[in-house]
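The values are calculated or read from the model by the stated rules, or taken from the named source; none is laboratory data. Bear in mind the structure is a predicted one, so any value in this text is a computation, not a measurement. No Cβ is skipped: glycine too gets one built from the backbone with ideal geometry, and neighbour counts run over all protein chains shown.
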Amino acid sequence: MTTVPTMPLRSAAAHRGASGQDPQDPPSLGADRLRGLMAHHAAGVVIITADVSGEPVGLTATSFTSVSLAPPLVAFYIADTSTTWPKLRRARHFAVHLLAADQQDLAWRFAAKGVDRFAAPTSWSRGAENVPLLGGTAVHMVCRRHDSRLIGDHWLVVGEVEHGYELSEPRPPLVYHQGAFGGFTPHR
């Protein structure tokens, strides 16, 4: 019989993090606490755009991910309380634009409330399915809405990628971390 070595148990004080919180007595997990925890997670930044009855709509998102290679599916989440969602949910097609590190201003513009996100200085044109395509982004994908469903207080929107374009040489991506946009430097 083989004996597996074990680590000695440490006191609760040794397990306390920077906050001094004892993991055996965790705080309640409200929305603000979860938001604070998630701020430690760096996320890529995208802009979602769509055409709704001839009107361009768009928003900044950090909840974007690939879902499947066959079929090619991607997804993002949007708050049920988003003022853009009532329009965006009517679109059958949308575009996902992956942003480069030098596009912080564009990300802030599409995250702002009460501004015309498509007015100058935003550069854009209409693409497949009349979807607004932003100029200068690293990548854009035109997607057909595959599914959407309410999960908690957010909508999960899944799109099937119909067209994908790399619009520039690879550039460092824009990431969101601790409430701020920034760049990424790979370690080789």
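Points to keep in mind about this one:
- Search result, residues across region 55-74 that are outside any loop (DSSP other than H, G, I, E, B) and under 20 Å from GLN103 (Cβ atoms): PRO56, VAL57, GLY58, LEU59, THR60, ALA61, THR65, VAL74
Every residue, every condition in (1) closer than 30 Å to SER123 by Cα; (2) modelled with pLDDT of 70 or more, yes or no:
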| site | (1), (2) |
| --- | --- |
| PRO8 | no, no |
| LEU29 | no, yes |
| ILE47 | yes, yes |
| ALA61 | yes, yes |
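- Within region 131-158, residues that are in a loop (DSSP other than H, G, I, E, B) have Cβ atoms under 7 Å from residues that are among the charged types (D, E, K, R) in these pairs: VAL131/ASP51; ALA138/ARG171; ASP153/ASP80, counting only partners at least 6 apart in sequence or on another chain.
- Those residues of region 28-61 which are under 18 Å from SER82 (Cβ atoms) and touching a His at 6+ places or on another chain (Cβ under 9 Å), in sequence order: ALA43, VAL46, ILE47, ILE48, THR49, ALA50, ASP51, GLY58
- Qualifying residue in region 63-73 (condition: surrounded by 14 or more Cβ atoms within 10 Å (Cβ to Cβ), of a type in the set (Ser, Thr, Tyr), under 13 Å from the mean Cα position of the chain (by Cα) and over 23 Å from GLY183 (Cβ atoms)): no
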